[in-house]
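First comes the structure, then the notes that go with it.
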Amino acid sequence: MTTTAVPAGAAPIKRARRTLSVPMILLIIAGGLALFSLVRVISGANDLTSVGQVSGALQLAVPIGLAGLGGLWAERAGVVNIGLEGMMIMGTWFGAWAGYQWGPWTGVLLGIVGGALGGLLHAIMTVTFNVNHIVSGVAINILAVGATRYLSNFTFAEAPGGSSKQSPRIEQIADITIPGLSDGLSDLQAKHWFFVSDLAGVLGGLVTNLSVLTVVALLLVPATWWILWRTGFGLRLRSCGENPVAAESLGVNVYKYKYIAVIVSGGLAGLAGAFLVIVSTGIYQEGQTGGRGYIGLAAMIFGNWMPGGLALGAGLFGFTDSLKLRGGAENVHAMLLLVAILLVLAFAWQLYKKKHWQAGICLGVSGLLFAWYALTDSLPSQFVDAAPYVTTLLVLALSAQRLRMPKADGLPYKKGQGK
């Protein structure tokens, strides 16, 4: 038996990161659904996995996910895009302005253009003039609020059914419902059987009253992954976010790829804004983005700058937000039990990893949540309203140790600086 000696002072060999296989992913999903089913049975909160809950969560998650995808494109090219909120606002106004006059799909197209204009402005300031990315993003957010308020006074205020703060009603995009399958899954979910009804509720939410634009948005997640990780274009774009000097030395036009990435980023944020006015509400209202651009950025960070993780983060926020809207205090109260059980599992895992003080914290917090759940029947309305944001902060805090941003993200770069 031969052994290979490791030279003194040599860096330790890093083990390759294990990737989850498809069967393992499906097993994790099934385990999570079984846990939800258990909580539903114990708490009696039958709306946790209902068709309406899943459908509502999906509709709330899509704008956040699109904004997060926009942030992903920009930051993979090395540009921090705090201006996602402002680009969403531009998307809402342009989408509504075009949508009520020429139809919803024209509104979608103009919403993308409005967001892309914000992205172009951000690219000019950050890439060409090397303005601090945060300063530029904040400036775009402020500019978007002022510009849309000014424009509304000359457009919506003069239109029938509009005002200086809202647009006329916009025609809805067609919904997709699969006949027979949708009704069958709804009937099965209404029986409240363990796991089976929960699975039916999740699948039913995906085939009932699903907007065509929602389908398009969902397809953009794998499309982004394929473009950025499976094409030469994506490789060059990501190299600009990791090491632009090395990319330039290999003939990559770093400025061009940064511009493309940030404009696409703005277009996706604009699409998120158009989705809000055309699909979610059917009307433009001042301030309706409600900070979703920032939450999309948080979802992107939670997803470790990867499309799949980003979608999971957006889904988590959409789910908790939908719980608040459907059933309110009862549903959020049931989530206390879910989090308590998850912390017990975390306690066991930390104990297995021999991290005793972390295990103790998990066990202590779990005990407090079990007691809170057992001693109360509902939660204060203030906590219910804050639940989605608290969930986002907790998830970001717990996942912070495994995050890795692109190495050159947010760093200034000038053409030819490597020479």
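Modelled spin labels at residue 181 and residue 153, positioned 7 Å past Cα toward Cβ, are 5.1 nm from each other.
With only Cα atoms counted, the stretch 80-159 has Rg and Dmax values of 13.3, 41 Å. Extension gain, residue 250-residue 378: 0.36 nm per intervening residue step, less the Cα-Cα distance, totals 40.0 nm. Computed per residue of the chain from DSSP H runs no shorter than four, each worth -39500 (n - 2.57), the mean residue ellipticity at 222 nm is -22500 deg cm²/dmol. Ranking 194, 81, 313 by how far each Cα lies toward the positive end of the dipole of the chain (charges on Cβ) leaves 81 at the top. Here the chain has an Rg and Dmax of 23.4, 86 Å, counting Cα atoms alone.
In the stretch 116-262, Rg over Rh equals 1.15, where Rg is the alpha-carbon radius of gyration and Rh the Kirkwood radius from pairwise Cα distances.
Protein-only accessible surface at a 1.4 angstrom probe places the residues 357, 225 in the order 357, 225, largest first.
Relative protection proxy for 39-46, 361-368, from highest mean packing down: 39-46, 361-368 (other beta-carbon atoms within 10 angstrom).
Label positions at residue 348 and residue 22, each projected 7 Å from the Cα along the C-beta direction, are separated by 2.9 nm.
Could you rank 187, 377, 198 by how accessible they are, 1.4 Å probe, largest area first? Provide the component values of the computation, followed by the final result.
Working: 187 100, 377 145, 198 0 Å².
Output order, biggest surface exposure first: 377, 187, 198.
Dipole magnitude for the stretch 25-171: computed about the Cα centre from +1 point charges on Lys and Arg Cβ and -1 point charges on Asp and Glu Cβ, it is near 60 debye.
The convex hull of the Cα atoms of the stretch 290-392, projected and averaged over all directions, covers 7.4 nm². For the chain, the number of Lys pairs separated by eight or more positions or lying on different chains, with C-alpha atoms closer than 17 Å, is 5. Spin-label model, residue 34/residue 357: points 7 Å from Cα along the beta carbon direction are separated by 3.5 nm. The charge dipole of the stretch 224-335, taken about its Cα centre with unit charges on the Cβ atoms of Lys, Arg (+1), Asp and Glu (-1) only, comes to about 260 debye.
Treating r as the C-beta distance of residue 312 and residue 101 and R0 as 35 Å, the FRET efficiency rounds to 0.40. The candidates 333, 356, arranged from most to least accessible area with a 1.4 Å probe in the full protein assembly, appear as 356, 333.
Along the axis of the charge dipole computed for the chain (Cβ charges of +1 for Lys and Arg, -1 for Asp and Glu, origin at the Cα centre), the listed residues 52, 417, 266 are led at the positive end by 417.
The values are calculated or read from the model by the stated rules, or taken from the named source; none is laboratory data. As the structure is a computational prediction, the values presented were derived from the model and not from experiment. Cβ atoms come from the backbone with ideal geometry, glycine included; neighbour counts cover every protein chain shown. Surface areas here come from the heavy atoms of the whole protein model, side chains and all, with no ligands, DNA or RNA. Shrake-Rupley method; radii C 1.70, N 1.55, O 1.52, S 1.80 Å.
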